[in-house]
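Here's the structure, in structure tokens; my notes come after.
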Amino acid sequence: MTEPRQYGDELAVVTVTYSPGETLDRFLDTLDKATGRAVRVILADNGSVDGAPERAAERDNVTLVRTGGNLGYGAAANRGVAELPPAYGWVVVANPDVEWAPGALDTLLEAAQRWPTGAAFGPLIRNPDGSTYPSARLLPSLGKGIGHAILGRVWPRNPWTTAYKQSETEVTERPAGWLSGSCLLLRRAAFDEIDGFDPRYFMYFEDVDLGDRLARAGHRNVYVPTAEVLHIQGHSTAKAAPAMLTAHHDSAYRYLADRHPGWRWAPVRAALRAGLSLRLRLETRGQR
């Protein structure tokens, strides 16, 4: 019988880069003030052409890892984590357009000590306008998912969207169904136990899937709003909006279809695919 792998207490940060521009400098500069601990940073680069990752790798604690192509977010994050020896028992996976509030990472690490069954810890995420992004949500179900998909844009405060996003839930430290993958502190042992992110998700829903699989394995996803980050959002994807919408709808279908397998659910899967395809056509009209 294989002995369980032993992990140390060192800390690393993995960020997936794809021509991140100057946001990467802000990410690294603010990270220096987010924790008093030594941090190793891995840039899992999916084919940047702007030179930003190469410049960042000139810093002492930063290592550039080329993935060999645009693998997508989850697969690239897995590649970055795999670079780390077992001494690194704590890993942050975060977007390069995140800016850290002072002490935010230390606050997440402190919360991890309060939640020994916690595997993923997510901060409060601010939008550029100062509003709070709903980063700790329920796992999507067919009912809430369909209601949110149909009405989320035209009636943002509909009951299905409100419940799914936990919009009216008190902002307090608590377990969540899943946490935004834009910034996650992960207990490495739990992350490796479930083989990390599912690489079938090119972009979007890889964090939802991760949260679900961690919970199924007996771990918790914990929202820690006393830790804060700012998420600029969309630097490297803004010019590819139709492609990103397509990826989002493909991932939404994969997530729900995976959880409703077999012939009995075939009509539901067919209806889901048709409905998501129609929604995608409506959302991308005039963008191509």
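The values are calculated or read from the model by the stated rules, or taken from the named source; none is laboratory data. The model shown is predicted, which means the values in this text are computed figures rather than measured ones. As a convention, Cβ positions derive from the backbone with ideal geometry for all residues, glycine included, and neighbour counts pool all protein chains shown.
Out of Val208, Val224, I need the residue that is at pLDDT 95 or above, part of a strand (DSSP E or B) and either in contact with a strand residue (DSSP E or B) (Cβ under 6 Å, 6 or more places away or on another chain) or farther than 12 Å from Trp178 by Cα (or both). Which one?
Numbers: Val208 fails: part of a strand (DSSP E or B).
Unique residue meeting the criteria: Val224.
For the structure I just gave you, tell me whether Trp90 is of a type in the set (A, V, I, L, M, F, W, C), touching a Lys or Arg at 6+ places or on another chain (Cβ under 8 Å) and farther than 27 Å from Phe202 by Cα.
no
Could you list, ordered by first residue, the pairs with Cβ atoms under 7 Å in which the first is in the range 82-97 and buried (at least 23 other Cβ atoms within 10 Å of the Cβ) and the second is among the small types (Gly, Ala, Ser), at least 6 apart or interchain?
Close Cβ pairs (under 7 Å, with a partner that is among the small types (Gly, Ala, Ser)) amount to Val91/Ala12; Val93/Ala77; Val93/Gly181; Ala94/Ser182; Asn95/Ser182.
Filter the range 23-51 down to the residues that are within 21 Å of Arg66 (Cβ to Cβ) and among the acidic types (Asp, Glu) and list them by number.
Once the filter is applied, which keeps residues that are within 21 Å of Arg66 (Cβ to Cβ) and among the acidic types (Asp, Glu), the range 23-51 yields Asp25, Asp45, Asp50.
Go through Phe197, Phe191, Phe202 for me and flag whichever is in a helix (DSSP H, G or I), crowded, with 18+ Cβ neighbours inside 10 Å and of a type outside the set (S, T, N, Q).
Numbers: Phe197 fails: in a helix (DSSP H, G or I); Phe202 fails: in a helix (DSSP H, G or I).
Step by step, each of Phe197, Phe191, Phe202 is checked, and only Phe191 is in a helix (DSSP H, G or I), crowded, with 18+ Cβ neighbours inside 10 Å and of a type outside the set (S, T, N, Q).
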